[in-house]
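Following: one structure in C-alpha cells, then a few remarks.
The values are calculated or read from the model by the stated rules, or taken from the named source; none is laboratory data. As the structure is a computational prediction, the values presented were derived from the model and not from experiment. Methodologically, a virtual Cβ is constructed for each residue, glycine included, from the backbone with ideal geometry; neighbour enumeration extends over all protein chains shown. Heavy atoms of the whole protein, side chains included, go into the accessibility calculation; ligands, DNA and RNA do not. Shrake-Rupley method; radii C 1.70, N 1.55, O 1.52, S 1.80 Å.
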Amino acid sequence: MISKLLLTAAVIFVAYLVIRARIRRSREAAGLIASRPPLIPPALIRPLAYGLLAVMLIGSVAYLVRDWDRDREIIPVQVVNANTGEVTRYEVLRGSVDGRRFLTADGREIRIADIERLIMDSDR
C-alpha cells in the first residue's frame, strides 16, 4: 500500500517539475529571466537514460522470474470439512490455487465444497 502512495507522489512530483521547466523555458524565450546552465551536462543525458532503462529492464525481469519461481513452489494445503472436522492434506503448486479449486503436485484437480475450508501454509 505504501508503495502505491509513494509511486503516486513520485508521479505528481515529476509532473510538477516538468510543468515548472516548461514555464521557465517560456519565460526564458520571452526574455523575462536569464537562462542558466543545465544541471546535467548534455553529454551525460544519453548514458544516464540508457542506464535507467537497463535498471528498469533488469528489475522487471527479476520480478517476473521471482514470481514465476514462487508459483512453481510446492506448498502443503489442508482441506478441512467444517461439519465432520476431517482434514485432508495435499501437496500443491502455489500458482495452481484458484479460488475453490487447485491442482495437486501429482496432477489431480481438486474442487472443494462450500462447507470445506482451504488452509494454505504461506510461511514459505
- Among the candidates 49, 21, which residue alone is surrounded by 10 or more Cβ atoms within 10 Å (Cβ to Cβ) and under 24 Å from the mean Cα position of the chain (by Cα)? 49
- Query: Which residue pairs have Cβ atoms under 9 Å apart, sit 6 or more places apart or on different chains, and have a first residue in segment 61-84 that is closer than 22 Å to residue 106 by Cα and open to solvent by 90 Å² or more (accessible area, probe 1.4 Å) and a second that is in a strand (DSSP E or B) and not small (Gly, Ala, Ser)?
  - Reply: 72/93
- How many residues of segment 24-44 are open to solvent by less than 80 Å² (accessible area, probe 1.4 Å) and of a type outside the set (A, V, I, L, M, F, W, C)? The answer is 4
- Query: Quick one: residue 12 ticks every box in (1) over 29 Å from the mean Cα position of the chain (by Cα); (2) surrounded by fewer than 11 Cβ atoms within 10 Å (Cβ to Cβ); (3) not acidic (Asp, Glu) bar one, so which box is it?
  - Reply: (1)
- Of the residues 52, 57, which single one is modelled with pLDDT of 95 or more and farther than 30 Å from residue 95 by Cα? 52
- Exactly one of 36, 66 is closer than 30 Å to residue 102 by Cβ and either in a loop (DSSP other than H, G, I, E, B) or of a type in the set (Lys, Arg) (or both), and that one is 66
- Note on the structure: Filtering segment 85-122 for residues that are in a loop (DSSP other than H, G, I, E, B) and surrounded by 12 or more Cβ atoms within 10 Å (Cβ to Cβ) leaves a count of 4
